[in-house]
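The values are calculated or read from the model by the stated rules, or taken from the named source; none is laboratory data. Just so you know, these numbers come straight off a predicted model, no measurement behind them. FYI the Cβ positions are ideal-geometry reconstructions off the backbone, even for glycines, and counts take in every protein chain you see.
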Amino acid sequence: MNEITRGLEFPEGPIALRDGSVLVVEIEGGNLTRVTPDGRRAVVGRCGGGPNGAAIGPDGHAYVCNDGGLGFTTIDGIRQPFELAADNTGGSIQRVNLSTGTVETVYTHCGDTPILSGNDIVFDTSGGFYFNDTVAGLVYYGLPDGSSIHVAGSGVEIPNGLGLSPDQGRLYASETYTGRIVYWDVVGVGKLSGSPVELYSTGGRHHWDGLAIDGEGNVCAANLQESGITVISPDGEVAGQVTVPDHDPFVTNICFGGPDLRTAFITSSGLGRLYETQWHCPGLRLNYNA
């Protein structure tokens, strides 16, 4: 495993771009930041609050789930969130123009219901996106032009990562504290089956953060206790484990990139680092990634 850069302010939501660079959000710094293969960093957009998950939309812009902002502290050399920021006014979905750095707010509410804490986001092939509200325990579906948003899924507790299966037939979610990985069947555009189905559970022994899907359909979920990524097959079996070189209880997310999609990029948030490592199979290219 190779360390690409360090000094990031709680990086999350990595997006591997075709030019070899990686976008990350910095939750503590409030930025969307580009990291080049040689480790250089440049702020792309200043989102404010707490930018969390991010994805490229069909218009080529980055869409960011913002949790509104968190307070951070350092314990034993590890930077970590511990409360809502004093100026947290709620969550949102933001659009960041990667060329100009302009940041626009797309959604703060679903009807009269405020978004409490946006966490992760994934686009489907129809051009809409699913995103979760960690505090509310809901999954929403929205259109990127801001014209439509609705509740697509519920029945989850502190949902964190989201990912679509290779055939777009399942939407996976990780529950942070229960230790469950669950999924809904996608039964139409922006429509999910009733209650989520449990794919795998640690019984609360391990806590999950973000996730990505590889080309074999495995759920590759950030395992906080294990300081790395746990690989879970579509049948609910543990297929592997990858850990980062220096222990960090806040390894938060993974994405896939490189010419053959066999490079996994992993955010070690508590230490402010971005790593890369070779994966056993190609990852799943996300819809609309540039």
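Key figures
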quantity	calculated
Residue list for the stretch 23-33, restricted to those being buried (at least 24 other Cβ atoms within 10 Å of the Cβ) and assigned to a loop (DSSP other than H, G, I, E, B)	Ile27
Test: residue in the stretch 34-44 that is buried (at least 24 other Cβ atoms within 10 Å of the Cβ), outside any loop (DSSP other than H, G, I, E, B), in contact with a Gly (Cβ under 9 Å, 6 or more places away or on another chain) and not hydrophobic (A, V, I, L, M, F, W, C)	no
Matching residues, the stretch 257-290, being of a type in the set (Gly, Ala, Ser), out of contact with any Leu (no Cβ under 6 Å at 6 or more places or on another chain) and part of a strand (DSSP E or B)	Gly257, Ala264, Ser268
Pick from the stretch 105-124, criterion of a type in the set (S, T, N, Q) and assigned to a loop (DSSP other than H, G, I, E, B), ranking: surrounded by the fewest Cβ atoms within 10 Å (Cβ to Cβ)	Thr108
Residue identified as within 15 Å of the chain's Cα centre (by Cα) and at pLDDT 95 or above among Tyr141, Tyr183, Tyr172	Tyr172
In the stretch 125-154, residue surrounded by the most Cβ atoms within 10 Å (Cβ to Cβ) [restricted to those that are aromatic (Phe, Trp, Tyr) and farther than 17 Å from Val182 by Cα]	Phe129
Qualifying residue in the stretch 34-46 (condition: modelled with pLDDT of 95 or more, over 17 Å from the mean Cα position of the chain (by Cα) and among the polar types (S, T, N, Q))	yes
Unmet requirement for Gly20, which otherwise passes all of (1) surrounded by 15 or more Cβ atoms within 10 Å (Cβ to Cβ); (2) in contact (Cβ under 8 Å) with a residue 60 or more places away in the chain	(1)
Scan of the stretch 105-137 for residues that are touching a Gly at 6+ places or on another chain (Cβ under 9 Å), over 15 Å from Ala152 (Cα atoms) and either at pLDDT below 95 or of a type outside the set (S, T, N, Q) (or both), ordered by number	Val106, Tyr107, Pro114, Leu116, Gly127, Val135
Index of the failed condition, Leu84 passing every other in (1) at pLDDT 95 or above; (2) surrounded by fewer than 19 Cβ atoms within 10 Å (Cβ to Cβ)	(1)
Selected residue (only one of Gly57, Gly69, Gly91 is without any contact (Cβ under 8 Å) to a residue 40 or more places away in the chain and either touching a Pro at 6+ places or on another chain (Cβ under 9 Å) or crowded, with 19+ Cβ neighbours inside 10 Å (or both))	Gly69
